[in-house]
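S.K.: Submitted below is the structure of interest, expressed as structure tokens.
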Amino acid sequence: MNNTVFDWSLPQRQSPAALFIIFLKVVKSMIRLLLPLLIFYFIRGDRGNVNTWELTLAFLPVFLLVRAVLEFISFRFHITGSELIITKGILRKQTITIPLEKIQAIHIEQNFLHIWTGTAKIAFDSAGTEKLEVEIDAVLKDKAENLKKFILQSGIVQTESNTPVPENRIITLQWSDLIKLSLSSNHIEAFFILLGFLLSVFNNLKDLFEDQFNKLFKETSVLFINSTAGVFLTALVLSLFVSVIISTVRTFLTYFNFYISSNENGFRIHSGLINVREKVVPFKKIQYISWKANWLRNKIGLSLLQFHAIGGNEIKQRQQVKAPVTRFSFISLLTQPYYASTDVVSGSRHQMHPSYAIRKMIWPTLPFSLLVIMVAWSWWHWYALFFSLSLLYVYISSYLTVKRFGLFLREDALFIQRGVLGREEILLKWNNIQQAALQQSIYQRNHRLATLKLHTAGGVITIPFITLDLAQKIFNYTLYKIESSKQAWM
């Protein structure tokens, strides 16, 4: 164990390896910005004469290197009293001050460059922010661990005599679990991510080659309408196959060497093969806990459990703390520090009103479908009526939402079950609710229904289309708990 003591009151630089990492990050963002111009340069026919664009591209690496060096030199971080202070900026200096007690999670990440240079990236989340507060691109791994421990102690100076808090590894992902988790990931989501990327590239290139793309779009539309079912199915199967490969590999790389350990203060979650991530979640920062599974994972007993910490509804997706649950007994291990009782489904089960399915189909699906059909009619004529199937889809999914919804109320917590083909379960303690809102549409007012929204520091939980009497009882009890509870919400 490294017992090096750092004086965090002195301004600290990043590791020299950060210079290379910052350079690559700047290059990546610049390539994303200039991608259409780069494609245009390499595919154009005549490159015999040097023009202004070529001179600009020639000097671009020099500019990027100078910018990376200046960003590295200007970056400092230190701890003064009970505050983490970050200073950065080239032309416009910026100082970020974060109270240590407001830091809700600390993430340590390593990609292959960090592993190669023996460094790590540190990211901090704090309450009241709409995005990730700050990142330190690269510091020595031992230094990063020391800073994490120091901050978790909330300002208590760390010395060589400090004894580390013992940790207990409670969950380890086995190879068989990792393979099942990878194969059962959300392949449809990966399909739409791939589709979104291709559309982004398409739009960028369309601006440069507008005439050619208009012609190609018309030819493709005619080909799609006149194609046989075999051609269409082949394209669909090929797209789904690529999506399955992408989502499987992505999940495998994300949860490789996954384990969770705990001590008296919180959970430490470690995962990743190429990008190694280590996230710390203090128990007192957890606002509510949810676990969900798609249809396939639900059949084989897998779930993804998420700790909704302070600010968790607004931080970047890659920083959200999710843990794969391969056994039902693991759920009680992960929820016990938040809520000790395992009896959360006792008592009456409250359900949504059946009219929810019809209302979702009528509004906003019906007017939106009519609008799409009218727009698509000029291209595809009678084929545009296929968009009316969205009405059937929305009705069936909304009907299943109503049938599978369950709300269980206890004196100190509430428990929600919901889902369409898969399932999601939510556990929320009353004292973590900061605000409650009771909403009614015109239809709901006429039929004594209401939608209830419970606001926490980790996100908003919506309970739609319940009876007005039940909504008012929950609303009043929530206000009573908010005003009378002496238990801290963080």
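The values are calculated or read from the model by the stated rules, or taken from the named source; none is laboratory data. Computed from a predicted model, the values in this text were never measured in an experiment. Cβ coordinates were reconstructed from backbone atoms using ideal geometry, including for glycine residues, and neighbour counts include every protein chain displayed. Keep in mind that these areas ignore ligands, DNA and RNA; they rest on the heavy atoms of the full protein, side chains included. Shrake-Rupley method; radii C 1.70, N 1.55, O 1.52, S 1.80 Å.
S.K.: Tell me yes or no: at least one residue of the stretch 381-394 is within 18 Å of M352 (Cα to Cα) and either in contact with a Phe, Trp or Tyr (Cβ under 8 Å, 6 or more places away or on another chain) or open to solvent by 70 Å² or more (accessible area, probe 1.4 Å) (or both).
M.R.: No: zero hits.
S.K.: Inside the stretch 419-431, can you point out the residues that are surrounded by fewer than 20 Cβ atoms within 10 Å (Cβ to Cβ) and among the charged types (D, E, K, R)?
M.R.: R423, E424
S.K.: Consider the stretch 65-83. How many of its residues are at pLDDT below 90 and buried (at least 17 other Cβ atoms within 10 Å of the Cβ)?
M.R.: Selection size over the stretch 65-83: 3.
S.K.: So which residues in the stretch 435-477 are within 30 Å of K284 (Cα to Cα), at pLDDT 95 or above and among the β-branched types (V, I, T)?
M.R.: Across the stretch 435-477, the qualifying residues are T451, I461, T462, I463, I474.
S.K.: Is it true that I136 is under 25 Å from K322 (Cβ atoms) and either in contact with a Phe, Trp or Tyr (Cβ under 8 Å, 6 or more places away or on another chain) or at pLDDT below 85 (or both)?
M.R.: yes
S.K.: Then there is this: Restrict the check to the stretch 443-457 and report whether at least one residue is touching a His at 6+ places or on another chain (Cβ under 9 Å), among the aromatic types (F, W, Y) and open to solvent by 20 Å² or more (accessible area, probe 1.4 Å).
M.R.: So far as the stretch 443-457 goes, no, none of its residues is touching a His at 6+ places or on another chain (Cβ under 9 Å), among the aromatic types (F, W, Y) and open to solvent by 20 Å² or more (accessible area, probe 1.4 Å).
S.K.: Right, something else. Quick one: in the stretch 244-267, of everything that is part of a strand (DSSP E or B) and either open to solvent by 50 Å² or more (accessible area, probe 1.4 Å) or hydroxyl-bearing (S, T, Y) (or both), which residue is modelled with the lowest pLDDT? Quick ask: steps written out before the conclusion?
M.R.: Applying the first criterion (part of a strand (DSSP E or B)) to the stretch 244-267 yields 259-262, 266-267.
Subset that is either open to solvent by 50 Å² or more (accessible area, probe 1.4 Å) or hydroxyl-bearing (S, T, Y) (or both): 259, 261-262.
Values: Y259: 93, S261: 93, S262: 90.
Out of the qualifying residues, it is S262.
S.K.: Within the stretch 432-442, track down each residue that is crowded, with 17+ Cβ neighbours inside 10 Å and assigned to a helix (DSSP H, G or I).
M.R.: N432, the sole residue that qualifies.
S.K.: Return the pair list, or none, for Cβ contacts closer than 6 Å from residues in the stretch 361-377 that are within 13 Å of L389 (Cα to Cα) and free of Cβ contacts under 8 Å to residues at least 40 places away in the same chain to residues that are open to solvent by 70 Å² or more (accessible area, probe 1.4 Å) and assigned to a helix (DSSP H, G or I), at least 6 apart or on different chains.
M.R.: Matching pairs, first to second residue: M361/Y395; S369/F387; V372/F387; I373/F387.
S.K.: H455 versus (1) in contact (Cβ under 8 Å) with a residue 24 or more places away in the chain; (2) not in a helix (DSSP H, G or I): which is the lone unmet condition?
M.R.: Failed condition: (1).
S.K.: Now, a different point. Return the total of residues in the stretch 469-480 being surrounded by fewer than 16 Cβ atoms within 10 Å (Cβ to Cβ) and not aromatic (F, W, Y).
M.R.: 5
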